[in-house]
1. Can you name every residue in the range C:261-277 that is over 30 Å from C:Gln13 (Cβ atoms) and under 21 Å from the mean Cα position of the chain (by Cα)?
2. Taking B:Gly145, is it away from chain A (no Cβ under 14 Å) and closer than 30 Å to C:Tyr234 by Cα?
3. Within the range C:17-31, is even one residue closer than 21 Å to C:Glu119 by Cα, of a type outside the set (Asp, Glu) and surrounded by fewer than 21 Cβ atoms within 10 Å (Cβ to Cβ)?
4. How about the range D:115-134: which of its residues are within 13 Å of chain C (Cβ to nearest Cβ), surrounded by 15 or more Cβ atoms within 10 Å (Cβ to Cβ) and under 30 Å from D:Val171 (Cβ atoms)?
5. All but one of (1) farther than 21 Å from D:Glu283 by Cβ; (2) in contact with a Leu (Cβ under 6 Å, 6 or more places away or on another chain) hold for D:Ala201, so report the exception by its number.
6. Do we have D:Ala87 as away from chain C (no Cβ under 14 Å), modelled with pLDDT under 95 and either touching an Asp or Glu at 6+ places or on another chain (Cβ under 7 Å) or surrounded by fewer than 21 Cβ atoms within 10 Å (Cβ to Cβ) (or both) here?
7. If I ask for residues that are within 14 Å of chain D (Cβ to nearest Cβ) and touching a Phe, Trp or Tyr at 6+ places or on another chain (Cβ under 7 Å), which ones from the range C:2-46 would you list?
8. Would the range B:199-218 turn up any residue that is more than 28 Å from B:Arg59 (Cα to Cα) and in the same structural domain as B:Pro159 (by TED's automatic domain parsing)?
4 protein chains.
Amino acid sequence: MAISGVLRPGFIQLRVLDMPGSIDHYTKRIGMHQVTEGPDGRVYLKTADEFDHHSFVLRRADTAGYDLMAFKVLEDADLDKFEKRIADYGIAADHVPAGEMPGIGRRIGFKIPSGHRIELFAHSEQSDPKPRVHNPDVWEVEPHGMRALRFDHALLYGPEIEKNLNFFEKVLDFRCAERVDMPDGLLAIWLSCGMKAHDIAFVKYPEPGKFHHAAFDLENWNDVGNAADILTRYDISIDIGPTRHGITRGQTIYFFDPSGNRNEVFTGGYTYYPDLPTRTWDEKELGKGIFYYERKMNDAFLSVVT
Amino acid sequence: MAISGVLRPGFIQLRVLDMPGSIDHYTKRIGMHQVTEGPDGRVYLKTADEFDHHSFVLRRADTAGYDLMAFKVLEDADLDKFEKRIADYGIAADHVPAGEMPGIGRRIGFKIPSGHRIELFAHSEQSDPKPRVHNPDVWEVEPHGMRALRFDHALLYGPEIEKNLNFFEKVLDFRCAERVDMPDGLLAIWLSCGMKAHDIAFVKYPEPGKFHHAAFDLENWNDVGNAADILTRYDISIDIGPTRHGITRGQTIYFFDPSGNRNEVFTGGYTYYPDLPTRTWDEKELGKGIFYYERKMNDAFLSVVT
Amino acid sequence: MAISGVLRPGFIQLRVLDMPGSIDHYTKRIGMHQVTEGPDGRVYLKTADEFDHHSFVLRRADTAGYDLMAFKVLEDADLDKFEKRIADYGIAADHVPAGEMPGIGRRIGFKIPSGHRIELFAHSEQSDPKPRVHNPDVWEVEPHGMRALRFDHALLYGPEIEKNLNFFEKVLDFRCAERVDMPDGLLAIWLSCGMKAHDIAFVKYPEPGKFHHAAFDLENWNDVGNAADILTRYDISIDIGPTRHGITRGQTIYFFDPSGNRNEVFTGGYTYYPDLPTRTWDEKELGKGIFYYERKMNDAFLSVVT
Amino acid sequence: MAISGVLRPGFIQLRVLDMPGSIDHYTKRIGMHQVTEGPDGRVYLKTADEFDHHSFVLRRADTAGYDLMAFKVLEDADLDKFEKRIADYGIAADHVPAGEMPGIGRRIGFKIPSGHRIELFAHSEQSDPKPRVHNPDVWEVEPHGMRALRFDHALLYGPEIEKNLNFFEKVLDFRCAERVDMPDGLLAIWLSCGMKAHDIAFVKYPEPGKFHHAAFDLENWNDVGNAADILTRYDISIDIGPTRHGITRGQTIYFFDPSGNRNEVFTGGYTYYPDLPTRTWDEKELGKGIFYYERKMNDAFLSVVT
């Protein structure tokens, strides 16, 4: 396919209360690597299977939660193209100069209707560890902890998600892979910018800008079980799982980082293509859609956000 | 990303010597379903996880081998666009009317430099079994046999693969995910039209139009082991595996259908994006690239084709 | 080791309310095979990996629950030896003649302090399907449904489990692999007659003779996930899981048969040897012992029995 | 069952050419831990899941190969009982005093007809790391490398294996789980002292006292795949695999330590009981018995020993 525009989630920046404990959590338990610490104290992380400079940014703050999520676009010209489209849509974008984050080129940023800051960038330096390109091994650095392969997607909570849906489809060329329609309207959407069942998802929530979880991709269900063992062994709070989502079909476990930010590690899910129908869910089977084995929501999933 | 043009491998048509035995092989062992038999005796198969009418076509003939592979494009207008591009490139395309195959709209077809017929189509009816779209289960029809999820890709052997590479990149908007360069030139290419490490691949071979294998995607390494058990239990000839490819990282097993056409069932492989570097291999590590554990080619892999 | 006496759980007999639905459940979903139906309407089931005539007996009744569990001993003389030991212990044993169940030789039966009937037998005919003995394949009959390998163990609820412990250790030569001691006394015991972490287990409960679950062994965690998919797909009520037990370390899922009898399918658990220490649990970590990931009991696990 | 006599393989002692490289191999790659180094330079290793002091002993020597394998018996009196039985059988046993190896009590040793030294011991101190006994976690020390769970068994090559079979059955109370009978006589035997399909195995070979492999148990087929990735990544020579044995059904991979001693990591295999028939193989299906997927022996398997 002619691939252009938004490629994938590039990185997410979260606020954490305790930096050393957070670094331990994301590196020792989830299995990322620390790339560097910036002069302002932000810490940049990546998995060993990612080429780009970083995919996860931790910022020390007094409240946990979401600062921003940045998508990588194919080429620098895309930034101008999207800035114009965003402006035409009636949203103001700002500019973040290259170097505001180590290794990352210029970004444009804007607030979507649900109150979340989204950014786009086209350029990233590569950093170590990363896969070798010539005669590569399956991995260069032996996987550890939960063996996370990549930062994969985020689920965000906020109002006006119908407007988010319209914006992501019309302006950023995403497609809606799955949606939940309740009697009182759209409850949730799973949006894809490529062939994954979701790159970003939204659930309707009265308060804007809230963060539900950041998800890491694992190789298989066996690694989900291994992650569960790690969580209990190190007394990390599990939200739910191991289980499966009916929506996206991912096999998953949810837990919390030391600041209360929710994490997911998951595997699987079908391959999405733009000619596939949007899968739809109603209130009758929503429980099965969210947690396929439990077949009902747990209270925390709908209410605990940062 | 803005997705357009060629989406994915739609179907492949292979020649088989014995139709009933072939149907048994692809349905009972690999786990596909027979959709229908056409008036000309061709048999149409699909997996239960595919929406489109069929993904595998068997044609009775006196020699085994490859007839054609058809890629699905996003919309009908793409067919005209690609026909013009192909003509501009200097290759003549022919037209196959809708209905030549049950459930499939009009196709354009052409011969690439390696001597293989490739087709493009934009429209397919859906057929059963297929995933449900509203409140779906993880599967509607219980998986059986090797539990194949989809027809995934093919590897073809022929001359002039440098020209194939140029054609697929320039005309069909594919990207080269991996390549093998030997002292005497390009030996092999893995081409992606989306986010899989390969949708079609070519190995240089003196005889045009030869077929190496058609591959089916499995859920995980456990299913590769299950496939291996099935192969020995039913005395199906294994070529090699279970093993892993260094190239694409897929975990795999190769075997032969009753007519001698090679099949692969595999899982995994990294997620490809168009900003990722092409991974390159040379003769020093080619064995590891092809069979990561054996670290050397087996003779059959390079010489046995249909 | 010199192996003698009680070898393993031979079969369990459960009461079911609806025979056709129960047969469907145990054959189509759990993956057993029906061996025969007796003249009194009892239905005899086995897995394809078991040699003995049957391992599971269903009896139509108006209440669900436990009739008996029978252990196989190595040789006929063991029956006389154990009958004497049991009598010396002060428990009366009765005789069940050969042929009372098809394929099974004479049995001795007795009621243990918790109110459950236990039987011993030495002889079983073999029945099909079963593994081949000469040049065997990994399986003769392709696994289906949850792919159960064998009836593995049962957990029973009743009073006086200290006396059960004494009886099983002193009279039947079992060993206690794990135990839970609460401030008010012994809560639960896991007893092994061989190298599995448990062949039978008991939880203290006021009412005698109650049944918690019968468990089937699966090959691995992947099959536990597959079982979970089957359970939701066919609307079978799940109690809890997929999860892991801290006690025995088994990876598991619990659900109910159509009559409300609880089933478990599980995999793993450490290899037990008689020189290993009994693992002990107290009320502080009991939740983790029972459900390692949830780290707390669910109400149903302690209260719902048949 | 009444369990007495020989419990399990306790430890094996192998000769290695290069001690530091061997320690790296067994600790970093296979995933064991070094317990201690003795005053004579022998190095003692264990897995984190084993309670006993050690299960693997490395001795620096100028040729690689097998020194001895020691089985643990249930109690000290068993040593006297077996010494008498062995003497009655016509084999002289010698005494190794407690403390000859750190942590291990007195041993009796003797040479079996195939020319291998076998030892028995009843007492072992426990060493760290080991599982916790009170409120244990699934593991105390996070698994690493190939995640070996235990030293499981050895396969030895030598003459007179019919006599070995008789000795192990009559004197040590082992049972023969599987055997290969060729037109010219018994080729191989798999012997169990408990419920594993093999604790020790022998293949007929003209030269006495030869060593084929020492095997480590893994949790599942996924870990066999992980082991394969590790082997290629660190350029460790693979003999064969990942594959499955028809004999024992184990899923396996074979490779070599830095001195050329063959290792196996494997998972699975059926549960053996003493009332099960001995499974038999003949020359027609021997290939499938040894390597179930390849269905033929590789030359190295029958000829390369240390």
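The values are calculated or read from the model by the stated rules, or taken from the named source; none is laboratory data. Small disclaimer: the values here were computed from a predicted structure and weren't measured. Cβ sites come from the backbone with ideal geometry, for glycine too, and all protein chains shown count toward neighbours.
1. Going residue by residue through the range C:261-277, those that are over 30 Å from C:Gln13 (Cβ atoms) are C:273, C:275-277.
Passing the criteria: only C:Tyr273.
2. Working: away from chain A (no Cβ under 14 Å): yes; closer than 30 Å to C:Tyr234 by Cα: yes.
Criteria met by B:Gly145.
3. First, pick out the residues of the range C:17-31 that are closer than 21 Å to C:Glu119 by Cα: none.
There is no residue in the range C:17-31 that is closer than 21 Å to C:Glu119 by Cα, of a type outside the set (Asp, Glu) and surrounded by fewer than 21 Cβ atoms within 10 Å (Cβ to Cβ).
4. D:Leu120, D:Phe121, D:Ala122, D:His123, D:Ser124
5. Every listed condition holds for D:Ala201 apart from (1).
6. Working: away from chain C (no Cβ under 14 Å): yes; modelled with pLDDT under 95: no; either touching an Asp or Glu at 6+ places or on another chain (Cβ under 7 Å) or surrounded by fewer than 21 Cβ atoms within 10 Å (Cβ to Cβ) (or both): yes.
Considered against the rule, which asks whether it is away from chain C (no Cβ under 14 Å), modelled with pLDDT under 95 and either touching an Asp or Glu at 6+ places or on another chain (Cβ under 7 Å) or surrounded by fewer than 21 Cβ atoms within 10 Å (Cβ to Cβ) (or both), D:Ala87 comes out as no.
7. Taking the range C:2-46 and keeping what is within 14 Å of chain D (Cβ to nearest Cβ), we get C:2-10.
Matches in the range C:2-46: C:Val6, C:Leu7, C:Arg8, C:Pro9, C:Gly10.
8. Taking the range B:199-218 as the starting set, the residues that turn out to be more than 28 Å from B:Arg59 (Cα to Cα) are none.
The answer is no, given that none of the residues of the range B:199-218 is more than 28 Å from B:Arg59 (Cα to Cα) and in the same structural domain as B:Pro159 (by TED's automatic domain parsing).
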